[in-house]
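Presented below is the structure to which this report refers.
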Amino acid sequence: MSEKRQNPLALDKESMRKFGYAAVDAIVEYFDGVDQQSVVPPKSRQSLPRNLQEFSEEPKPIDTLLKDSLSGVFDDCMNLIHPRFFAYIPGPGNFVSTVGDLLVSGHNVFAGISPHNLGAQIVEANTIRWLCDLADMPETAGGLFVSGGSVAILTGLAAGRTRILKDRVEGARIYCSDQTHSSVERALGLLGFDSSQLREVNVKPDFRIDVTDLERQICADAESGYKPFCIIGNAGTTNTGAVDPLDELAAIAAKHELWFHVDAAYGGGALLSQRGKRQLEGIGLADSISFDPHKWLFQPYENACVLVKDPATLRDTFRRVPDYMRDSDQPQHLTNYRDMSPQVTRGFKAFKLWLSLHAYGVSAFRQSVDHGLDMAEYFQSVLEKRKNWQVVTPATLGVVTFRYLFDGNAEQQDELNRELIQCINEDGYAFFSSTRIHGRDVNRGCPINPALTHADIDSTVAKLEELAQSLLDNH
Ligand SMILES: *Cc1c(COP(=O)(O)O)cnc(C)c1O
């Protein structure tokens, strides 16, 4: 008699189906009804509901557990896929990629090695190829998926450190504009650079890096005996959407033999749109690019990639073949992704992007990116038509910053605008974030959800104005 498998973690087929279908039903209802909900939970609880607090030795009924988690966990999370989520960089997601994640997780694909694993390896290589082509990188370019833009920047700069500095960081200097994302500073710290090695270059009034100032600093540093090592260009800053003159930065990097990283974590999506792409001229000349499909390519978290002109730089930086991994060392024509990043075990993030590109067709993504560019312009025009609003920075790669203006000094205006964002966010009709521009508090909107309508924007601005008025009346 054969031994029966006794797996305490197994469910019978009927239960798997019931649980799985119920979970899918919950996701379908969420996608279908999210725009009827408030953008953020009305009042988040401080702890889990009682019945979800303690782990017990005994199993809990799985259908109740699902219901309780939906109301006790997910109902208390921000609705990033809501059309009126305008804060930070929204995460609209999409249903096909969501199911893609489920399939990947269900097969527990290990995307670190390629032997015996060609399905995953080829899909990742294919998708990376498509992204490299999108960015006009050379045919020899490559890269891989990582968890987010921050890790993509870390990975790209690590490759540059190895290639240019042979990992000797002392005296090295890195240059970027003062609008650069904070993940750059953090990555450099992890790579052993101290904060004085990062040179923040001034920007012009349009928030693009001042290339004259950049070159002056590079030359001055070189003359003082420092080692200029790397330029980081922005393809869409988080603050205002500004794009540095990437072709000029590439030329300066080439002239001084520096590593050139382009941070397109947010702006990379614009490559799908003709007018977006025109603004990113020169991006293909980068040595490394950080690009987050979980931002403007509508992928659920986590989905980002690092693209490099020469994939050998990543291998030189990360490849190790310990005895216990030697069986998976690859034949020349295959890519072991564990050789190209700090991760060994890694999930198969490429699949959801690959699946959704096939399922919707690339044109659906192009339309969606263009829609975001249009909506930002529309948002700006609605503000401009009303007399109480100041557009601080115009729609640039889907980002608008603005302020409510009234008779009062700058500090009073700062305060009211800070309160305004709090009010609208507590109200739940729309969700915004704020930032500081030229030392003043401003509101910032990133209206890139593909489901967003003109009516959403009209009603949101009306709501903002109403709230601002009542704040003003109560002051
Ligand atoms: C979001 C962002 C990052 C960081 O990416 P994560 O995916 O959040 O780690 C870096 N640079 C820019 C310009 C960004 O917008």
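The values are calculated or read from the model by the stated rules, or taken from the named source; none is laboratory data. Being a predicted model, the structure only gives us computed values, none of them experimental. Because the Cβ atoms are built from the backbone with ideal geometry, glycine has one as well, and the counts that use them run over all protein chains shown. The protein model used for the area step is the full one, side chains on, heavy atoms only, and it has no ligands, DNA or RNA in it. Shrake-Rupley method; radii C 1.70, N 1.55, O 1.52, S 1.80 Å.
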With the cut-off at 1.5 for a/c, could you classify segment 87-188 from its C-alpha gyration tensor as rounded, prolate or oblate?
prolate
Counting only heavy atoms of the protein chains, get the accessible area per residue of segment 152-265 (1.4 Å probe) and round it to a whole Å² value.
40 Å²
Roughly how many Å² of Tyr301 are accessible to a 1.4 Å probe, to the nearest 10?
120 Å²
Quick one: 3J(HN,Hα) in Hz for segment 449-455, Karplus 6.51/-1.76/1.60 with θ = phi - 60°, rounded, Gly and Pro as x.
5, x, 8, 5, 10, 4, 4
Loop GluC sites (Glu not before Pro), segment 3-47 (other Cβ atoms within 10 Å of the site Cβ: 16 or fewer; DSSP)
Glu3
Can you list, bin by bin at 20 Å, the percent of alpha carbon pairs in the chain, starting at 0?
22, 50, 26, 2, 0
Within straight-line cross-link reach of Lys166, lysines at Cα separation under 29 Å, skipping those fewer than 8 residues along the same chain:
Lys227, Lys255, Lys309
Could you please put Leu70, Leu464 in sequence from largest to smallest accessible area, using a 1.4 Å probe?
Leu70, Leu464
So if we plug the beta-carbon distance of Ala359 and Ser224 into 1/(1 + (r/R0)^6) with R0 = 56 Å, what FRET efficiency do we get, rounded to 0.05?
0.50
Measure off 7 Å from each Cα along the Cα-to-Cβ vector at Arg216 and Leu11, then give the distance between these two points in nanometres to one decimal.
6.5 nm
Residue-averaged 222 nm ellipticity for the chain, from DSSP H runs of 4+ at -39500 (n - 2.57), nearest 500
-13500 deg cm²/dmol
For segment 343-475, taking Cα atoms only, what is the radius of gyration to one decimal and the Dmax to the nearest whole Å?
18.1, 59
Could you run the Karplus curve 6.51 cos²θ - 1.76 cosθ + 1.60 with θ = phi - 60° over segment 34-46 and give me ³J(HN,Hα) per residue in whole Hz, x for Gly and Pro?
4, 6, 8, 8, 6, 5, 10, x, x, 9, 6, 6, 8
Taking R0 as 45 Å and r as the Cβ-Cβ distance between Asp327 and Asn388, the FRET efficiency 1/(1 + (r/R0)^6), rounded to the nearest 0.05, comes to 0.10
Please give the peptides 342-348, 141-147 ranked by average Cβ packing (other Cβ atoms within 10 Å per residue), highest first, as a rough proxy for protection.
141-147, 342-348
Enumerate by residue number the trypsin sites (Lys or Arg not before Pro) in segment 131-214 meeting two conditions: DSSP loop (anything except H, G, I, E, B), and at most 16 other Cβ atoms within 10 Å of the site's Cβ.
Lys166, Arg168
Stretched fully, the stretch from Asp167 through Ser2 gains (0.36 nm per residue minus C-alpha distance, one decimal, in nm) 53.6 nm
Once Arg50 and Lys277 are pulled to full extension, the length gained, defined as 0.36 nm per residue separation minus their Cα-Cα distance, is 76.6 nm
What percentage of the solvent-accessible surface of the chain, computed with a 1.4 Å probe over protein heavy atoms, is contributed by carbon and sulfur atoms?
52 percent
Towards the positive end of the charge dipole of segment 1-160, with charges on Cβ (+1 Lys, Arg; -1 Asp, Glu), say which of Ser69, Val24, Gly143 has the farthest Cα.
Ser69
Is there a quick way to get the dipole size of the chain? I mean about its Cα centre, with the Cβ of Lys and Arg at +1 and of Asp and Glu at -1; what is the value in debye to the nearest 20?
920 debye
